[in-house]
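S.K.: Provided herewith is a single structure, encoded as structure tokens, for subsequent inquiry.
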Amino acid sequence: MTMRWTDCRIVAFDTETTGLRPFEGDRVIEFGAVELMVNAEMHVTGVKHHQLMINPEMPIPREASRVSNITDDMVVDAPVFAKVADQIRAVLEDAILIAHNFSFDMAFLRSEMKRCGLHWPKTRAEVDTLPLAKRQITDMRSYKLEAVATKLGVPLDNAHRASHDAECCGRVFVEIARHYGSPPELEGMVDWAVAVGLPPETGHLEVGEEGVARFMTGPYRGETVEARPDYLQWMVIAVERKNGGWHTIYPDSVRQWAKRWLRARTAGRGRGSPRSQGPTDWTLDPPTWV
């Protein structure tokens with residue numbers, strides 16, 4: 001029986017941080033997530049909030065405080081991330097995850113979890129509402145969360161606080177899904193949203209205990225796809241000569257999954273400023289044929 005995405009746990013999440021560079025020492029200072037209950041007609045019928053202040057074990061820069069309004073005094077008695085890591089993973093586990101500029105928030109949480117010896121949890125699907133809004137709503141000049149929410153009539157109170165942004169993001173996703181033709185089935189929604197879902201069970205890719213996809217065959221067997229996106233690109237177009245003609249090596253389901261992953265994960269959507277163009281600000285752009 002085909003599963004409807006509205007029957008899954010749907011969790012929108014957001015982080016507030018000390019800066020923009022998770023791999024250069026910036027830390028999470030607030031985690032917010034909202035579980036959304038959505039009926040078959042794609043209307044939100046209830047929400048459950050999860051909000052945690054986190055001591056980053058470092059001073060919060062003035063620039064970061066100006067954005068989030070979170071100060072050192074507000075986190076001095078808060079737990080460090082290691083104390084709440086299992087709680088955060090439990091919220092995200094086995095859910096359809098939604099975030100606006102997904103890669104940014106995921107990078108911070110994965111970095112924090114790595115410090116604790118933990119991995120990113122296994123999820124049902126991972127949806128980024130930033131490129132989704134750009135694809136579906138084509139008449140906007142800005143695609144910041146506030147602008148998209150206003151366009152869709154979704155309220156956003158107390159912007160730049162994690163749980164408020166998370167609920168707004170989740171409601172934005174549901175509104176886009178209802179108004180712009182999301183299929184009701186989970187697999188159909190993942191394809192429509194160009195989301196990252198579980199790879200097909202063909203023996204070529206799998207999601208391991210660390211919560212990320214790995215190659216199961218080929219020269220990079222055991223390595224993560226994010227470490228070898230160039231090889232994943234090759235899998236999309238790889239052909240071999242057989243029975244007098246050229247045929248694709250990998251099944252269509254694998255090739256389609258690879259295309260979605262490349263679009264979702266390698267489009268270069270870091271929150272860098274025009275004055276900040278370091279190597280960690282952007283990732284590999286997918287080729288035009290993806």
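Read the figures in this text as sums done on the coordinates, not as results from a lab. Since the structure is predicted, the reported quantities are computational estimates derived from the model, not experimental observations. Here the Cβ positions follow ideal geometry from the backbone for every residue, glycine too, while neighbour counts run over all protein chains shown.
S.K.: Whole-Hz ³J(HN,Hα) for each residue in region 118-129, computed from phi via Karplus 6.51 cos²θ - 1.76 cosθ + 1.60 with θ = phi - 60°, x for glycine and proline: what do you get?
M.R.: 10, 10, 4, x, 6, 10, 7, 6, 10, 10, 9, 6
S.K.: Taking 0.36 nm per intervening residue step and subtracting the Cα-Cα distance, what contour gain separates K242 from H49 on full extension?
M.R.: Details: separation 193, 0.36 × 193 = 69.48 nm, distance 5.52 nm.
Additional length available on full extension: 64.0 nm.
S.K.: Which three numbers, in whole Å and largest first, are the semi-axes of the equivalent ellipsoid of the chain derived from its Cα gyration tensor as √(5λ)? Kindly include the intermediate steps, with their values, before the conclusion.
M.R.: Details: eigenvalues 203, 104, 68 Å².
Here the semi-axes work out to 32, 23, 18 Å.
S.K.: Another question, if that's okay. If the chain between R135 and E63 were fully stretched, how many nm would it gain, using 0.36 nm times the residue separation less the Cα-Cα distance? Walk me through the intermediate numbers first.
M.R.: Values: separation 72, 0.36 × 72 = 25.92 nm, distance 3.16 nm.
Net length gain for the segment: 22.8 nm.
S.K.: May I ask what percent, to the nearest 5, of DSSP beta bridges between residues of region 5-197 are antiparallel?
M.R.: On the way: 19 of 27 bridges.
Here the antiparallel bridges make up roughly 70 percent for region 5-197.
S.K.: What is the distance, in nm, between label points placed 7 Å from the Cα along the Cα-to-Cβ direction at N39 and at R115?
M.R.: 4.4 nm
S.K.: Related question: Please work out the FRET efficiency for the pair D157 and M3, using the Cβ-Cβ distance as r and a Förster radius of 30 Å; give the result to the nearest 0.05.
M.R.: Numbers: r = 33 Å, r/R0 = 1.10.
Calculated value: 0.35.
S.K.: Please work out the FRET efficiency for the pair R178 and D230, using the Cβ-Cβ distance as r and a Förster radius of 35 Å; give the result to the nearest 0.05. Before the final figure, lay out the partial values.
M.R.: Numbers: r = 37 Å, r/R0 = 1.07.
Approximately 0.40, to the nearest 0.05.
S.K.: Another question, then. Any of K48/K83; K48/K122; K122/K259; K114/K134; K122/K151 with alpha carbons more than 24 Å apart? Name them for me.
M.R.: On the way: K48/K83 21 Å; K48/K122 21 Å; K122/K259 20 Å; K114/K134 32 Å; K122/K151 33 Å.
Beyond 24 Å: K114/K134; K122/K151.
S.K.: Dipole magnitude of region 5-197 about its Cα centre, charges +1 at Lys/Arg Cβ and -1 at Asp/Glu Cβ only, in debye to the nearest 20? Present the calculation step by step, with values, prior to reporting the outcome.
M.R.: Values: 21 positive and 29 negative charges, 59 e Å.
Around 280 debye, computed over region 5-197.
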